[in-house]
Each structure stands twice: as C-alpha cells, then as structure tokens.
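The values are calculated or read from the model by the stated rules, or taken from the named source; none is laboratory data. Note that the coordinates shown come from a computational prediction; the quantities given were computed from them, not determined experimentally. All Cβ positions, even for glycine, are placed from backbone atoms using ideal geometry, and neighbour counts span all protein chains on display. Accessible surface areas use protein heavy atoms only, side chains included; no ligands, DNA or RNA. Shrake-Rupley method; radii C 1.70, N 1.55, O 1.52, S 1.80 Å.
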Amino acid sequence: MMMKVVIATHNKDKLKELKRGLNQLNIDLLDLSRFSEVGEIIEDGKTLEENALIKAKEVFRLTGLPSIADDTGLEVDALNGKPGVFTARFAGENCSYMDNVNKMLKVMKKIKISDRGAVFKTVIAFFDGKKELLSIGEVKGMIATEKKGLGGFGYDSIFYVVNEGKTFAEMTIEKKNIISHRGKAIKNLTPKLKSYLETNIKEIA
Ligand code: IMP
C-alpha cells in the first residue's frame, strides 16, 4: 500500500507546485480539501523554519497522517531583508496577491536597478509524529520595476531572474519548478525523505 502524506497548505498555487515536485516519490499525496477539520493555521513563528514546522505538526495532529508544509519568504536587500517571514501580510492582513505586488512596486519605486536584489526562500517541513525533516531552497533575483507575465502567483510577476531574463510569471510551471526556491527545497527534501521512508516504511504502512 502506498503511504499517504498530507500536503499542509490551503494555497492552491503552492499545492500545484508541491504536487508536481513531489510526484517522483512513491507516496499518495493528499490535499487539505479532504480534511475539513483543518482550518486556517496561525503562523506565529519567528522564522520560515518555525512556521513550516508549525503547519506540518498541526496538520499531523489533526489528521494523524504524515504531513508536508512549505513556508516561503521574500527578502529584499533594499528593505534590509524584509518582508521575510511577513511576506504574505506585506500589504496588511487578508491582502491579495495584487495588494502585495502593488505595495512592493510602490516602496521600491525610487530604488535604482543595481540595488533591487532579492532572495526568495522556501523551507519545507515533513513531520510524522516522530521525525522532523527540513529542507531549504533559495533563488536570487531582482524586484522588477513593473509587472511582467501572467503565469504563477504571488510575487511572481515582479520577481525577475537575471540568468533567465524573465520573471517567474513569464516562465512555464516546469521551468519555474526547476529553478525556483520551492523547486530547490523539494529537490533537497526528496533524497532525505526517500531514505527515511525506505527505512521506516514497515512501521508507517
Ligand atoms: P506563505 O509561505 O504561505 O506564508 O507565503 C508567503 C507569501 O509569499 C505569500 O504572499 C505568497 O503569495 C508568496 N509566495 C509564496 N510562494 C511564492 C512563489 O513561488 N512565487 C511568488 N510568490 C510566492
């Protein structure tokens, strides 16, 4: 029997990328739409690591199944690494993707091209009641001066990857998943999770 693992996110865009990235593992990936008992989880950690673990542990507690969660932050050089852990709420509580993008463009309006560097970071956490696994992925880029591209989500239309000459929103999901923060975090997690599952499969199944 294939092992079941819950992807601990209500964000459909993240879910799509995580499912694609993790599908090479021989596990049955379930999403939260099946678990009405899991509501909004309060992310009050001080770091991406803490928040990813809070989500994975809470979903494990509520579902009794091994869980995988992602926490992501955008660190902008000109803003001394902000918004970081507050990336989702940059434009205020319950703001939309567009509110965040517009606020970022506004606060960066006077910043010259050479000072627009930024890093996108994702931490992925796995928890099954016994074992915590963490992996990190990062990608360097720049905050564009205007929105470009229609793909992706969140800040993708203003996150410009210099080597590609494109924003994330101008890339296919396949390309984004290869070079992105989340793609790299998934790549780092895969061998760790594979070897853990292989050695523990009898107990878990
Ligand atoms: P969280 O990990 O759910 O706290 O999300 C952090 C914030 O970053 C949210 O505003 C997301 O929309 C945004 N975000 C997360 N992943 C990505 C991405 O891959 N591209 C662009 N924005 C993202």
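For this structure, a couple of remarks:
- In a simple Cβ point-charge model (Lys, Arg +1; Asp, Glu -1; nothing else charged), the range 3-204 has a dipole of about 500 debye relative to its Cα centre.
- Degrees separating the helix 97-107 axis from the principal Cα axis of the chain, which is the longest one: 40 degrees
- Straight-line cross-link reach from Lys109 at under 19 Å between alpha-carbon atoms covers these lysines, not counting any fewer than eight positions away in the same chain: Lys82, Lys147, Lys148.
- For Tyr196, the solvent-accessible surface with a 1.4 Å probe is about 20 Å², rounded to the nearest 10.
- Qualifying aspartates and glutamates (Cα of each under 12 Å from Cα of Lys192; at least 8 residues distant if same chain): Glu132
- Among beta bridges identified by DSSP and lying wholly in the chain, the antiparallel ones come to about 80 percent.
- Think of the chain as a dipole: +1 on every Lys or Arg Cβ, -1 on every Asp or Glu Cβ, centred on the Cα centre; then among Gly73, Phe120, Leu32, Phe120 lies furthest on the positive end.
- Solvent-accessible area, 1.4 Å probe, carbon plus sulfur percent, for the range 3-204: 51 percent
- Eligible aspartates and glutamates near Lys110 by straight Cα distance, threshold 20 Å, same-chain separation 8 or greater: Glu75, Asp77, Asp99, Glu146
- In the full protein context, the chain carries 53 Å² of accessible surface per residue, based on a 1.4 Å probe and ignoring ligands, DNA and RNA.
- The range 1-110, Rg to Rh (Cα coordinates; Rh as Kirkwood inverse mean 1/r): 1.03
- The dipole here belongs to the range 122-178: it is taken about the Cα centre, uses +1 on the Cβ of Lys and Arg and -1 on the Cβ of Asp and Glu, and is about 20 debye.
- Projected label distance in nm at Arg61 and Glu93, using a 7 Å step from Cα toward the beta-carbon: 2.1 nm
- Only protein heavy atoms count here; under a 1.4 Å probe, Met98 has an accessible surface of about 90 Å².
- A compact globular protein would have a Cα radius of gyration near 2.2 N^0.38 Å; the ratio found for the chain is 1.04.
- Lys, Arg +1 and Asp, Glu -1 on Cβ, resulting dipole of the range 74-192 about Cα centre, debye, nearest 20: 140 debye
- Angle of helix 181-204 to the longest C-alpha principal axis of the chain, folded into 0 to 90 degrees and rounded to 10: 10°.
- Of Lys112/Lys175; Lys4/Lys184; Lys19/Lys131, those spanning more than 26 Å from alpha-carbon to alpha-carbon: Lys112/Lys175
- Per residue, the convex hull volume that the Cα atoms of the range 136-205 enclose (Å³): 100 Å³
- In degrees, nearest ten, helix 48-63 long axis to first principal axis of the chain (Cα): 40 degrees
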